[in-house]
1. Check A:Ala111 against each of (1) assigned to a helix (DSSP H, G or I); (2) within 14 Å of chain B (Cβ to nearest Cβ); (3) among the small types (Gly, Ala, Ser) and name the one condition it does not meet.
2. Please state which of the following conditions A:Val258 fails to meet, knowing it meets all the rest: (1) β-branched (Val, Ile, Thr); (2) within 30 Å of A:Ala44 (Cβ to Cβ); (3) within 12 Å of another protein chain (Cβ to nearest Cβ).
3. Looking only at the stretch B:29-84, filter to residues that are of a type in the set (Ser, Thr, Tyr) and more than 25 Å from B:Phe234 (Cβ to Cβ); which one of those is most open to solvent (accessible area, probe 1.4 Å)?
4. Inside the stretch B:173-216, can you point out the residues that are of a type in the set (D, E, K, R) and more than 14 Å from B:Leu160 (Cβ to Cβ)?
5. Pairs only if they're at least six apart or on different chains, beta carbon under 9 angstrom, first in the stretch B:95-115 and under 16 Å from B:Glu150 (Cα atoms) and of a type in the set (A, V, I, L, M, F, W, C), second open to solvent by 10 Å² or more (accessible area, probe 1.4 Å) and in a loop (DSSP other than H, G, I, E, B); list them, first residue then second.
6. Where in the stretch A:1-100 are the helices (runs of 4 or more DSSP H), entirely inside, with at least 2 residues that are open to solvent by 100 Å² or more (accessible area, probe 1.4 Å), out of contact with any Lys or Arg (no Cβ under 9 Å at 6 or more places or on another chain) and of a type outside the set (Gly, Ala, Ser)?
7. Go through the stretch B:66-87 residue by residue and tally those that are facing another protein chain (nearest Cβ under 9 Å) and of a type in the set (A, V, I, L, M).
8. Identify, from the list A:Ala50, A:Ala81, A:Ala55, the residue that is in contact with a helix residue (DSSP H, G or I) (Cβ under 8 Å, 6 or more places away or on another chain) and closer than 24 Å to A:Tyr130 by Cβ.
Amino acid sequence: MLSSFTLGQYYNTTSVIHRLDPRFKLLQLIFIIAFIFVCKNFFALFLMCALVLIAMLLSKVPFRMYLRNLKVILPIVVFTAILNMLYVNQGEVVLFSWWIITVTLDGVLKAAFMVIRILLLILISAVLTYTTTPTELTDAIESLLKPLKFLGLGELVHTLAMMMTISLRFIPTLTDETDKIISAQKARGADLESGNILSKIKALLPILIPLLFSAIRRADDLADAMDCRCYSGGKGRTRMKKLVPGAKDYITTTILIVVFAAVIVVGKVF
Amino acid sequence: MSEILKTEDLVFSYNNGSPVKRAAINKVSFTLKKGETLGIIGHTGSGKSTLVQTLNGLIKPESGTVFLDGEDLWKNPKQVYQKRFRVGLVFQYPEYQLFEETVYKDIAFGPKNMGLSEEEIDFRIKKYISLLGLNLNYLEKSPFDLSGGEKRRVALAGILAMEPEVLVLDEPTAGLDPVGRENLFKAIELYKKERSAAVIIVSHSMEDLARLSDKLLVMNLGEAKMFGTVEEVFARYEELSKMGLDVPVVTKILLELKALGLNVNTKAFTPAQAIKNIELLLKEGDINA
């Protein structure tokens, strides 16, 4: 029932993008998103399109996986397109006019521009989530937030990262557990499908209470286990897998800087 | 006695339709009569837990049929959940399904779903909590304040109070101490006798199964490798050990004695039977090997 649910959407394969340092990937993603918004015209946007497409090709993730992502946001895309078409009324070339609805060429172009922007945002974010495991992402966030320790927030950063790691670790466990509890209560004749909203919420109690109880029990056990292994926060803790940036990280960053410069120039010139 | 439960060529696989499809159970058939106990043996991942969940309709088999009292379980898919009151399934570690404020309310959950009257529910709760050897003053306690063994018994009472005709237990004694195990088995035997119910026990302990079961079903890699009386199944100990399964320790001792050249009857699966066979051997007096 819940087994189809997976957190994140890591696609297990080996590609250049998979092997990039997650910190670089995360920062690069942030800058790419920023520059998608910096684009002033179609020429600049075209450059970003090419960039995203190349990233998708390099990731070796099948295109149907990306299409699946786009399917989810299709309603938002359609909605944005329609709103833009209807609200942009300037421009001389009127394509279509009926009652209070006027669609101009400018409106259509503006709508296309917005739609491409949204698609690019989704696709480039998907490149990151398909090629980076949640654990790698957490490590990257912890590492990137390290400078906060100069503000005396070092321990906080470590705690947050540890919390994220633990919750990611327990999602599959608790999903399994939920399945089991649902089956057990169904075996006692629990009816989870029929009835109105109020009775449906009530029917969830036999599942939520044992689940909460077991989550707390597991947390307690985990705390004991961490205690037994002398865990005492982030101070003096070393890592088994250190993140070390390599040539490919610097090369991709250089390429990105060139593309970004081109985007700015193209935006000014045309 | 009449057949209460019968399965025919049950097939079910996980991840159906994807390349990692894996058959959990493949063509499993067995029959069970009223008042009989069936033991199911098999490794982790042999399909035991999937099999027991097909018996009360929690899992719908891809093909094959489960007959409950001669009627196809899935004849009317909308009524399947009512069959769950007739085939009571006790999951592994059932204590983790307790959720009510009091033991009383928790045991009442199943009978209430059946739509029984208040008096009937009250009667059954008191009956089955006593059958499981717990004092009536436990009824007002919170199930979360009980010990592990007590919780297990409360959970079992919750299923027994539905008075199922077939009681299915998935590793009922996992994690219990010997005393807790004995108490649990005693209660199951009592229930079985009183309701002339059929019982299915999934277990890793050959000793327990040898003592309790009339018949055994051996599962390996999703297939029913053997189905027969305890004697028939344990007699094929060589095949069993090839599957990485065991026979009871006492049977093993007798087999070793026989291998040493003693003329001993190896058909013994409980300590009492084994003692008898060894006494016989001693009487015959041919211990000169």
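The values are calculated or read from the model by the stated rules, or taken from the named source; none is laboratory data. No experiment lies behind these values; they were computed from the predicted model shown. Cβ sites come from the backbone with ideal geometry, for glycine too, and all protein chains shown count toward neighbours. Remember, those area values only see protein heavy atoms, side chains included, never the ligands or the DNA or RNA. Shrake-Rupley method; radii C 1.70, N 1.55, O 1.52, S 1.80 Å.
1. Evaluating A:Ala111 over (1) assigned to a helix (DSSP H, G or I); (2) within 14 Å of chain B (Cβ to nearest Cβ); (3) among the small types (Gly, Ala, Ser) leaves (2) as the failure.
2. Only one criterion is unmet by A:Val258, namely (3).
3. B:Tyr81
4. B:Asp177, B:Arg181, B:Glu182, B:Glu207, B:Asp208, B:Arg211, B:Asp214, B:Lys215
5. These pairs meet every condition: B:Leu98/B:Leu146; B:Val103/B:Leu134; B:Val103/B:Lys141; B:Val103/B:Ser142; B:Val103/B:Leu146; B:Ile107/B:Glu100.
6. Correct list: A:42-58, A:63-87.
7. Qualifying residue count for the region: 1.
8. Matching residue, one of A:Ala50, A:Ala81, A:Ala55: A:Ala55.
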